[in-house]
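The values are calculated or read from the model by the stated rules, or taken from the named source; none is laboratory data. Not measured: the values here are computed from a predicted model. Here the Cβ is made from the backbone with ideal geometry for all residues, glycine too, and neighbour counts use every protein chain on show. All accessible areas refer to the heavy atoms of the entire protein, side chains included, with ligands and DNA or RNA removed. Shrake-Rupley method; radii C 1.70, N 1.55, O 1.52, S 1.80 Å.
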Amino acid sequence: MAKATPTLFLEDWLRSVSGFSSRFSSRNYSASSARAIIQAWAELRDCLQHKSFQSHHLQSLKTLVNSQTSLHVAEPQAKLLLSILSSPDLSLPHESYTLFLRLLYIWVRKSARPSSVLIDSAVKALSDVFSTTQYNPQKSPHLFSEGVLLLGSLSFAPSASESSKTVFIGLLCWLLAEEYQVLGSFSELIPDVLAGIGYALCSSVNVHFVTILDFMLSIWGKESGPQGSVSHGLMILHLMEWVMSGLSSFRSLEKINTFCQDVLETTKANYVPFAVVMAAAGVLRALNRSIVSGLGLETISRLRRSAEDRIESVAKDLISRTRGFTSSDNDHTDSLLLQCISVALARSGVVSARSPLFICLASALLTEIFPLRRLYMKVLKSMHGSSAVLRINEVKEHLESLTFKEAGAITGVFCNLYVSVDEQSKHMMENLVWDHCQHIYMEHRQVALVLRGKEDEVLGDLEKIAESAFLMVVLFALAVTKHKLNSKFNQETQMDTSVRILISFSCLEYFRRIRLPEYMDTIRGIVVSVQESDSACVSFVRSMPTYVDLTNGPDFSFLQKMEYLWSKDEVQTARILFYLRVIPTCIARLPSPVFGKVVAPTMFLYMGHPNGKVARPSHSMFSAFISSGKDSDQDERESLKEQLVFYYIQRSLVEYPEITPFEGLASGVAALVRHLPAGSPAIFYCVHCLVEKANRLCIEDLSHQDDMWKNWQGESEPGKKILDLLLRLISLVDIQVLPDLMKLLAQLIAQLPKDGQNMILNEFYSQVAESDDVTRKPTLVSWLQSLSYLCFQETSGSAASRKVGSEANSTSVRTPDPLKDASLNARL
């Protein structure tokens, strides 16, 4: 028994390449044992011999059909089947005809060269089957599809006579014309019917060739006919790929020229546009895969040019009909056509760069492949009364759709076409994509606030679509930067492009879940570009949402009853984090007034974000500004720095340690003491506030943990962290601030328990000993000796006071050990 090859049964191949699923598919057949197959044939012979067809004979037919994958029907068995069909003495049940036709189809397709005698004898048998007295598609719709499939395969059989082929194709055309309505009710039969059509188109006889083409391309628009889908379109595409390969192999130049003239070069009113597009794309796919052999270069060139012209013509009509896709009508026909154009271009291979195709691809990506805005609208409108199950199913269906699975390939074609189309089309589609990103940000933000915690499954599926849309935008942005960020375009164009891409990336930052090299390459290129222009930097910063927008939340009616909390808005937070990370890279170009009015309010707001990972970039932003300089407004910038420090210290310390991350606070303090002018009042204020906070925290820590001073290393308490920061500031602050810091720090240390004093003094001793600052080291050594002495004196005084208050009859008094108590001084 021969094993079927992948394209042996054309209908199964069409199902697999189009993602079409059907219960009537060979993939669902369960093979029977060899004994069962032999027994089934024996029972069929008995049927013919005894001229009686019983129920067990029907079961034998089913046993054989279920073994289609491994079954081989030899000529004697085919003759047996035709004899039973032709016998006037047998009364066959209607259900059996479908099985007989399927077995004969297996015989034709698996035989290397079926007997011409048997094929000729099949003419009368099949004519009788499809006579008006026996054929009733209402009782068995599958008989229609099996008939088309068998008749097409017989007309394609190389050993069949020309006259027999003509009869078979005539019967096939009659079936298609009379019973096409069956496909309107039973769409699962479409792969079988299209496969039969494909066989017939590749037949060696030319009769009815145009008639069959007309049926294939017009059936989708007929009343009671099937409703077209992307899956059906893909079947047409790959069917024409197979047909063109076959016709070129057989040197059927007449048919190829007829197809080119009637389908590709002539507009027929009854042809359905999506079918025409997919047929033309099938021709292109065959040409691009070099599976057409025996055709001259002139023929190949004509086919390619005509196929591309036909797709472009349909695209132009679609753009004109929808007024450049500005129409708000969600017409199913236009939606299907747009999806088919995009999938066709993705499957067909290399195509010439034509603006209508580029525009259609852009619209398809934004409205059909990633239909986020349409889905958002449905979700928001259906929040009152509509079933959540319907929303879940609709989003899931799109995730599993053919068009969504082709998103990567379609994006690749879109980006490739961008390079070659005219500048006007480029500019128009760039603006379309960048504007779309802002719409997605605003609408997904609303949907997330409404669905989170209520319908997380729907929200998660929507975000899967949005993540793929983000990848598309990244790849498109990379193509744009490669094209426009060069000397061919003026500085203004480059700056505008860079800023628009940065804003778009900020809008989609929430969906950036993986690390993409393309994303990093694009970011590096546009940031370098923005760094070269003050106006570009200002333009980008001004695009950041205002403080009022951030804190008030989205403005739409059904959120009025919801309590909005800015820190819970994850989509908005992701966007602001993008700004907080990018702005420091060009902060030197940013004028002080812009920073003070636009950036500072948002920076201070997000310092209070309960998530430390979110708050930390705000501290980095503050550090970057304090460290920056701009010659043109240096005085104004220094003044703003002084003002911001006071609020920064207040804002940071009031939320420490509950919210403010210590690392962020430490970086901000280090930046301000390094970069503010010597003796700045802001530095004095910072030092005083830190000492006050440390004092309060140390008292709180000590009340909860008596042994907190036994180990300086490891996980430190908040008070010890601030103390450690103060010790580090001794080597950072300027000489004018240093005396005040030492005085305050001495007062703080003197109030600590003995263990705390010793630990801090030892830590500070290590810092002083390792210091190479010859200016302040002598002062620090002297101060450290004095502080050590004071701490020792206070400790001794406290001990003496406690001793006086002890029992008078104590007979054992501990003698202080001066050497041990003065160990720190000895080390100095």
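Tabulated data
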quantity	calculated
Answer residue from segment 269-321, given it is of a type in the set (Lys, Arg) and over 20 Å from Leu417 (Cα atoms) and is nearest to the chain's Cα centre (by Cα) among those	Arg321
Qualifying residue in segment 694-711 (condition: of a type in the set (Val, Ile, Thr) and at pLDDT 90 or above)	no
Selection count where residues are under 16 Å from Val538 (Cβ atoms), without any contact (Cβ under 8 Å) to a residue 60 or more places away in the chain and surrounded by fewer than 24 Cβ atoms within 10 Å (Cβ to Cβ), scope segment 495-516	2
Segment 628-661, residues that are open to solvent by less than 30 Å² (accessible area, probe 1.4 Å) and closer than 17 Å to His609 by Cα	Tyr648, Ile649, Ser652, Leu653, Tyr656, Thr660, Pro661
Leading residue by the ranking (nearest to Glu146 (Cα to Cα)) among those in segment 59-73 that are over 41 Å from the mean Cα position of the chain (by Cα) and among the β-branched types (Val, Ile, Thr)	Val65
Qualifying positions in segment 83-116 - under 55 Å from the mean Cα position of the chain (by Cα), surrounded by 16 or more Cβ atoms within 10 Å (Cβ to Cβ) and over 12 Å from Ser153 (Cα atoms)	Ser96, Tyr97, Thr98, Leu99, Phe100, Leu103, Ser115
Check on Gln261, outside any helix (DSSP H, G or I), open to solvent by 20 Å² or more (accessible area, probe 1.4 Å) and under 23 Å from Ala315 (Cα atoms)	no
Filtered residues of segment 138-159 (kept if open to solvent by 10 Å² or more (accessible area, probe 1.4 Å), part of a loop (DSSP other than H, G, I, E, B) and touching a residue at least 12 places away in the same chain (Cβ under 8 Å))	Lys139, Ser140, Pro158, Ser159
Any pair with Cβ under 9 angstrom, 6 or more apart, that starts in segment 728-747 at a residue that is more than 13 Å from Ala670 (Cβ to Cβ) and ends at one that is buried (at least 19 other Cβ atoms within 10 Å of the Cβ) and among the polar types (S, T, N, Q)	Asp734/Ser680; Gln736/Ser680; Val737/Ser680
Residue among Glu223, Glu254 that alone is without any contact (Cβ under 8 Å) to a residue 24 or more places away in the chain and of a type outside the set (Phe, Trp, Tyr)	Glu223
Segment 246-258 - residue that is assigned to a helix (DSSP H, G or I) and polar (S, T, N, Q) and, of those, nearest to Asp214 (Cα to Cα)	Thr258
Residue within segment 272-286 that is open to solvent by 20 Å² or more (accessible area, probe 1.4 Å), in a helix (DSSP H, G or I) and closer than 22 Å to Val351 by Cβ present	yes
Subset tally (residues that are of a type in the set (S, T, N, Q), under 19 Å from Leu697 (Cα atoms) and open to solvent by 50 Å² or more (accessible area, probe 1.4 Å)) for segment 734-772	3
Any hit, segment 461-478, residues being open to solvent by 20 Å² or more (accessible area, probe 1.4 Å), more than 25 Å from Asn330 (Cα to Cα) and of a type in the set (Gly, Ala, Ser)	no
Any pair with Cβ under 9 angstrom, 6 or more apart, that starts in segment 688-699 at a residue that is open to solvent by 20 Å² or more (accessible area, probe 1.4 Å) and ends at one that is among the acidic types (Asp, Glu) and at pLDDT 90 or above	His688/Asp740
Single condition Val123 does not satisfy, out of (1) at pLDDT 90 or above; (2) under 27 Å from Leu10 (Cβ atoms); (3) open to solvent by 40 Å² or more (accessible area, probe 1.4 Å); (4) touching a Ser or Thr at 6+ places or on another chain (Cβ under 7 Å)	(3)
The lone exception for Ser32 - which of (1) part of a loop (DSSP other than H, G, I, E, B); (2) modelled with pLDDT of 95 or more it fails	(2)
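Residue by residue, here is whether (1) closer than 25 Å to Ser348 by Cβ; (2) in contact with a strand residue (DSSP E or B) (Cβ under 8 Å, 6 or more places away or on another chain); (3) open to solvent by 40 Å² or more (accessible area, probe 1.4 Å) holds:
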| position | (1), (2), (3) |
| --- | --- |
| Val379 | no, no, no |
| Phe404 | yes, no, no |
| Arg445 | no, no, no |
| Leu449 | no, no, no |
| Gly453 | no, no, yes |
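Per-residue answers, yes or no, for (1) closer than 19 Å to Leu237 by Cβ; (2) of a type in the set (D, E, K, R); (3) out of contact with any strand residue (DSSP E or B) (no Cβ under 6 Å at 6 or more places or on another chain):
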residue: Asp331; (1), (2), (3): no, yes, yes
residue: Leu336; (1), (2), (3): yes, no, yes
residue: Gln339; (1), (2), (3): yes, no, yes
residue: Leu345; (1), (2), (3): yes, no, yes
residue: Ser355; (1), (2), (3): no, no, yes
residue: Phe358; (1), (2), (3): no, no, yes
residue: Thr367; (1), (2), (3): no, no, yes
residue: Leu372; (1), (2), (3): no, no, yes
